[in-house]
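The values are calculated or read from the model by the stated rules, or taken from the named source; none is laboratory data. What you are looking at is a predicted structure, and each value in this text was computed from that prediction instead of being measured. No Cβ is skipped: glycine too gets one built from the backbone with ideal geometry, and neighbour counts run over all protein chains shown. For accessibility, only protein heavy atoms count, side chains too; no ligands or nucleic acids. Shrake-Rupley method; radii C 1.70, N 1.55, O 1.52, S 1.80 Å.
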Amino acid sequence: MPMDKNDTKINILIVSLNDTFSNKVAISLADRLDMFVVDCYQMIVYDLTNPKEVLEKCGIEYFKKRERSVIKHCGEFNNTVISISYDLFKDHIELFSKSIIFYLRLPEEKVEKVINKIDYKNRDENLKKIVSIIIENDKCLTTQSVNKITEKLGELYENC
């Protein structure tokens, strides 16, 4: 996504196959860049109060509509670093057309959830095809990732 030097409405979206790491990087990056930060999953939990109960009482269709509404709202924020899980991202990628999307790529052994490890190769390949910028990481080091992202942002800014 090309950057406009005068545009203060750009969002930065952080996605990886390790949600805890993504959240830490998003918080640290937002602090460094003096931006807002939002975790899409936490916004869904907040909006639905008890997602499991909503799912049981109202069904999957209602739950998915509410989930989409929250994700859409997150994508409309301005000057925000957005942390999002792979599953939410792949289901709602079109809602982040105004975001610079960073994939924090980690080696398979650094992926935290069993479900993510099961399908690591497919998820990794999908993300590499659709994100704006891949940040390679050999470890879950927040400061190192934030430094790499700010360096890439500087390059984007210089080239616009």
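Only one of the values (1) 8.7; (2) 15.5; (3) 9.3 was calculated from this structure for mean projected area of the Cα convex hull in nm²; name its label.
After the calculation, the listed value that fits is (3).
Full-extension gain between Lys110 and Ile134, please, as 0.36 nm times their residue separation minus the C-alpha to C-alpha distance.
This chain segment gains 7.0 nm when fully extended.
With θ taken as phi - 60° and the coefficients 6.51, -1.76 and 1.60, list the Karplus ³J(HN,Hα) couplings across the stretch 22-38 in order, rounded to whole Hz; mark glycine and proline as x.
Calculated HN-Hα couplings, in order: 4, 5, 4, 5, 4, 5, 5, 5, 4, 5, 5, 8, 6, 10, 7, 9, 9 Hz.
Compute the acute angle (0 to 90°) between the alpha-carbon long axis of helix 60-75 and the principal axis of greatest extent of the alpha-carbon atoms of the chain; round to the nearest 10°.
Here the helix axis deviates by roughly 20 degrees.
Multiplying the sequence separation of Gln42 and Glu151 by 0.36 nm and subtracting their Cα-Cα distance, what value in nm do you get?
36.4 nm
For Cα pairs less than 8 Å apart in space and 6+ apart in sequence, what is the mean separation divided by the residue count of the chain, i.e. the relative contact order in percent? List each step's numbers first, then the result.
Numbers: 222 pairs, mean separation 58.9, N = 160.
The normalised contact order for the chain reaches 37 percent.
Modelling each spin label as a point 7 Å along the Cα-to-Cβ direction, I'd like the Glu94/Asn50 distance in nm, to one decimal.
Between Glu94 and Asn50, the simple spin-label model gives 3.4 nm.
What part of the accessible area of the stretch 65-106, given as a whole %, is carbon or sulfur when the probe is 1.4 angstrom? Provide the component values of the computation, followed by the final result.
Values: 810 of 1710 Å².
Whole-percent figure for carbon plus sulfur exposure: 47.
Any idea what angle helix 120-130 forms with the longest principal axis of the chain, computed on alpha-carbon atoms, 0 to 90 degrees, nearest 10?
60
Among Val25, Ser85, Ile101, which residue has its Cα positioned farthest towards the positive end of the charge dipole of the chain, with +1 placed on the Cβ of Lys and Arg, -1 on the Cβ of Asp and Glu, and the dipole taken about the Cα centre?
Going by the charge dipole, the pick is Ser85.
Kindly write out, for the stretch 136-143 in residue order, the coupling ³J(HN,Hα) from the Karplus curve 6.51 cos²θ - 1.76 cosθ + 1.60 (θ = phi - 60°), rounded to whole Hz, with x marking Gly and Pro.
7, 9, 9, 9, 7, 9, 4, 4
Hey, if we sort Glu67, Glu151, Glu158, Glu53 by accessible area with the 1.4 Å probe, largest down, what's the order?
Numbers: Glu67 15, Glu151 115, Glu158 140, Glu53 85 Å².
The ranking, largest first, comes out as Glu158, Glu151, Glu53, Glu67.
Using modelled amide H (1.01 Å from N, peptide plane; none on Pro or chain starts), what sits under 5 Å from the amide H of Asp39, excluding residues fewer than 5 places away?
Amide H neighbours of Asp39, under 5 Å, 5+ apart: Ser83.
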